[in-house]
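In what follows, a structure is listed as structure tokens, so that the remarks can point back to it.
The values are calculated or read from the model by the stated rules, or taken from the named source; none is laboratory data. Bear in mind that the values here come from a model prediction, so they are computed numbers and not experimental data. Note that we place each Cβ from the backbone using ideal geometry, even for glycine, and neighbour counts take in every protein chain shown. With ligands, DNA and RNA removed, areas are computed over all heavy atoms of the protein, side chains included. Shrake-Rupley method; radii C 1.70, N 1.55, O 1.52, S 1.80 Å.
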Amino acid sequence: MQLKKDIVMSGIRPTGFLHLGNYFGAVRNYVRMQEEYQCFFMVADLHSLTTHPDTQDLRQHVSRVIAENIACGLDPDKVALYCQSHVRETAELYLYLNMLAYMGELEKTTTFKDKARLQPDNVNAGLLTYPVLMTADIILHRASLVPVGKDQEQHLEMARNFVKRFNHRYGEVFPEPAAFNFGEDLLKVPSLDGSGKMSKSENQLATLYLADDDEMIRKKVMKSKTDSGPLSPGTPMPDFIENLFLLMKLVSAPEVIDHFKGTYQACTIRYGDMKKQLAEDMVAFIGPIRERAERIRNDSSYLRQVMEQGAEKARASARETMLAVREAMGLNYY
Ligand code: ADP
């Protein structure tokens, strides 16, 4: 008998270009998980409406996210790679879950408070209930593992609470989902200006995108924040230098990192040399992904086929879950 595989679900919003944070926080894990698990990976186009109501660029961004995921190694034959809006059952489950979510807990969510501050003229109800929609996306496939970056930790905690409430009230339908990173802590890829995280729509000059050309990568890395270096051995590393080492750890060889760590400790470090090395290692890492993504993005009939195939797999799983949900809730009158 074949054992049932654990189910994995995660999503990325089509609000701009994918960046190194998306890759190391999320997509790298997607690619590793596709071999061992049953995976659902979604382009979260409905989520993007909470902050980006103008849909003019949406089609282009959706194609880009799909192409970049495939360029990073995701195989649409192995996983369900689909668009959120193609699975209508999401809206139904979102509605039921909204009845189990309380104003107080939604208002306390860090991302809600941050986004409300960023867009004071558009503090819409969708923004408030973002964690509810995210829960619907995950449990629609009865997923238990959710590969995400550190910024999503609180949302996952909320998802577990909503699931517990649902199961308690209507019966055990859903497993409790947990954030996942291969044997490590969840990751936050820092931005190059020494503050915050790399992000699709903020901090664009301090974020390395998978579509950046070689010159742009070099320019951004060379402009990253440094100081004149430590003056005496044992000087604690400032955050922005620690961030540079963190970025190096993602793309550079261990002996390269050891070399610069050694020169830091000896107070002989030349940040210009370190940044040049980091820039070249980033170019070598991002270049091939960018080129593959460009080729895929130009093949619109292939992209359409990927989307159709993904939507079909996601819908089949969603339909099955919703039958169980309606039955558990007593909404099956005939
Ligand atoms: P963004 O914040 O760039 O718009 P999304 O909200 O679409 O990204 O998140 C997509 C995935 O990428 C999520 O799993 C999120 O945790 C991860 N992610 C985004 N930014 C970072 C980052 N700087 N470091 C690590 N993971 C990140």
Inset, instruction - Please express the Cα-Cα pair-distance distribution P(r) of segment 124-200 as a list of whole percents, one per 10 Å bin, running from 0 to the bin with the greatest distance. - result: 17, 42, 30, 9, 2
Legend entry - Environment charge of residue 240, counting only residues whose C-beta is closer than 10 Å and scoring Lys/Arg +1, Asp/Glu -1: -3
Legend entry - Span from the segment 28-64 Cα centroid across to the segment 87-117 one, whole angstrom: 19
Inset, instruction - Compare 274, 33, 134 in a GNM of the chain, Cα atoms joined below 10 Å, and give the one with the largest fluctuation. - result: 274
Legend entry - Value at 222 nm in deg cm²/dmol, rounded to 500, when DSSP H runs of n ≥ 4 in the chain each add -39,500 (n - 2.57): -16000 deg cm²/dmol
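Given charges of +1 on the Cβ of Lys and Arg and -1 on the Cβ of Asp and Glu, with all other atoms neutral, how large is the dipole of the chain about its Cα centre, in debye to the nearest 20?
Around 260 debye, computed over the chain.
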Inset, instruction - With unit charges on the beta carbon (Lys/Arg positive, Asp/Glu negative), name the residue among 94, 329, 16 whose Cα is farthest towards the positive pole of the charge dipole of the chain. - result: 329
Inset, instruction - Could you point to the residue in 271, 162, 287 farthest towards the positive end of the chain's charge dipole, with +1 and -1 charges on the Cβ of Lys/Arg and Asp/Glu respectively? - result: 162
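Give me the percent relative contact order of the chain, please, defined on Cα pairs under 8 angstrom at least 6 residues apart.
Working: 482 pairs, mean separation 80.6, N = 334.
The value is 24 percent.
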Inset, instruction - Give me the accessible area of residue 188, 1.4 Å probe, in Å² rounded to the nearest 10. - result: 110
Inset, instruction - Determine the shape class of segment 226-334: with a ≥ b ≥ c the square roots of the Cα gyration tensor eigenvalues, call it rounded for a/c under 1.5, and otherwise prolate if a/b is greater than b/c, oblate otherwise. - result: oblate
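What's the longest uninterrupted piece of the chain once you rule out the GluC sites (Glu not before Pro) that are loop residues per DSSP with at most 14 other Cβ within 10 Å?
Values: sites that count: 35, 36, 172, 184, 202.
For GluC sites (Glu not before Pro) (loop position, at most 14 other Cβ atoms within 10 Å), the longest site-free span of the chain is 37-171.
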Inset, instruction - Please give the per residue accessible area of segment 1-94, computed with a probe of 1.4 Å over protein heavy atoms only, in Å². - result: 41
Inset, instruction - Write down the accessible area per residue of segment 204-293 in Å², having rolled a 1.4 Å probe over the full set of protein chains. - result: 53
Inset, instruction - Name the residue, out of 232, 300, 252, whose mean-square fluctuation peaks in a Gaussian network model built on the chain with Cα pairs under 10 Å. - result: 232
Legend entry - Solvent-accessible surface (1.4 angstrom probe) belonging to residue 200, in square angstrom, nearest 10: 20
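Note down the magnitude of the dipole of segment 204-293 about its Cα centre, charges +1 on Lys and Arg C-beta and -1 on Asp and Glu C-beta and zero elsewhere, to the nearest 20 debye.
Computed charge dipole of segment 204-293: roughly 160 debye.
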Legend entry - Subset of 5/164; 5/197; 113/249 violating a 25 Å alpha-carbon distance limit: 5/197; 113/249
Legend entry - Average projected area [Cα convex hull, the chain], square nanometres: 20.1
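Give the percent of DSSP beta bridges with both residues in the chain that are antiparallel, rounded to the nearest 5. Please report the intermediate quantities before stating the final value.
Details: 2 of 16 bridges.
That works out to approximately 10 percent antiparallel.
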Legend entry - Surface share of carbon and sulfur [accessible, 1.4 angstrom probe, percent] for the chain: 51
